[in-house]
1. Run the quick spin-label model on ALA294 and ASP162: label points 7 Å from Cα toward the beta carbon, then report their separation in nm to one decimal.
2. In whole Hz, what ³J(HN,Hα) sequence does region 174-189 give by Karplus (6.51, -1.76, 1.60; θ = phi - 60°), x for Gly and Pro?
3. Express in % the proportion of alpha carbon pairs of region 1-159 at distances exceeding 19 Å.
4. What are the semi-axes of the equivalent ellipsoid of the chain, taken as the square roots of 5 times the eigenvalues of the Cα gyration tensor, listed largest first and rounded to whole Å?
5. What net charge do the residues around ALA209 carry, taking every other residue with its C-beta under 14 Å from that of ALA209, with Lys and Arg at +1 and Asp and Glu at -1?
6. Quick one: Karplus J couplings for region 21-38, per residue in order, coefficients 6.51, -1.76, 1.60, θ = phi - 60°, nearest Hz, x for Gly and Pro?
7. So what does the Cα-only Debye profile of region 126-226 read at q = 0.15 Å⁻¹, as log10 I(q)/I(0), no solvent term?
8. I want the local charge near GLU83. Using Cβ-Cβ distances under 13 Å, sum +1 for each Lys or Arg and -1 for each Asp or Glu among the other residues.
Amino acid sequence: MTPPHDRVDPGQLVLQPRDVHFDWTGLPLAWIPGDPVTSHVINVLHLLLPEGERWFVTVFKRALPLISDEALREDVLGFIGQETIHAQAHQGVLDYFASRGLDPGRYVRQMEWLFRRVLGEREGLPAAQRREQIAEHVAQVAAIEHFTAFLGDWVLHAPALDRAGAHPVMLDLLRWHGAEEVEHRNVAFDLLVHLDPGYARRIRAMIMAGPILFYLWARGARFLVAADPGLDSAVKATWRGCAAAARRGLLPSVPATLRSAALYLRRGYHPSQQFSTTDAVAYLGTSPAARAAAR
């Protein structure tokens, strides 16, 4: 059921990329004070997103000639602009981490292999097969975007991070990005329906993308904790520790994530049925980085 605050939601707006910039000077690797493991569980975003969102942009640019609806085309162009800046912003965090002695290179090279080689465009395909490949990739983007919107909504409503003293610049990056994920949550789904209104492709993509994303996140958390030069080798990222952090409100819980994924499997599902554009726009109106970009 649509939440009450969404009944007056302005809906999807004209999507505009915001040219944000963040100053990471003095950012500790454990940007949630006293909780380096939870910090790194969230830091996995910086490992996954630069290559992932560059791949989103590539897929959507390939899909542009297949779009016959002008309003959807404008949404896709706005999505491309926003995702391009998201990749740049998270790349900036990775570069900063490297300057602090945490080398993300090995994991990042694996993401490059996944998104550029495994999921890259196959050259020389006939037109019908090329369209099929694009539709399949759009379906995978739509499934991943469901999770990014969920995470975006979660971080917008996670006061425990503020109470824990989380670094304000990192919080602003996460909430600016989360707000834009909520703001454009319909686009990948609408593009998928435009290319293939059937049910099977959407479900197949979620069944594939969901477990792979969980696996990559778990590997990323273990990698970052092991690579942090300031942590003892005895410190580990564990499921029990993540569950405890979720109970404190510092991470989204696995049950809540799975419930959200289950909604995506409903035949009548549409992303507009979840989350609030009003809340997203409200944060973007107060975000230091977004306000500076607007000036």
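A short reminder: the numbers here are calculations on the coordinates, not readings from a lab. What you see is a predicted model; the values in this text were computed from it and never measured. Please note: Cβ atoms are built from the backbone with ideal geometry, for glycine as well, and neighbour counts cover all protein chains shown.
1. 1.8 nm
2. Per-residue couplings from phi come out as 5, 7, 4, 5, x, 5, 5, 5, 5, 4, 10, 5, 7, 5, 5, 5 Hz.
3. Numbers: 8037 of 12561 pairs.
Here the long-distance tail beyond 19 Å is 64 percent of all Cα pairs in region 1-159.
4. Working: eigenvalues 177, 99, 73 Å².
Calculated on Cα positions only, the semi-axes equal 30, 22, 19 Å.
5. Values: positive: ARG201, ARG202, ARG204; negative: GLU136, GLU145.
Neighbour charge sum, excluding ALA209 itself: +1.
6. 9, 10, 9, 8, 4, x, 5, x, 4, 8, 7, 9, x, x, 9, x, 5, 4
7. -0.75
8. On the way: positive: ARG18, ARG54, LYS61, ARG185; negative: GLU51, GLU53, ASP75, GLU145, GLU180, GLU181, GLU183.
Charge balance in the 13 Å sphere: -3.
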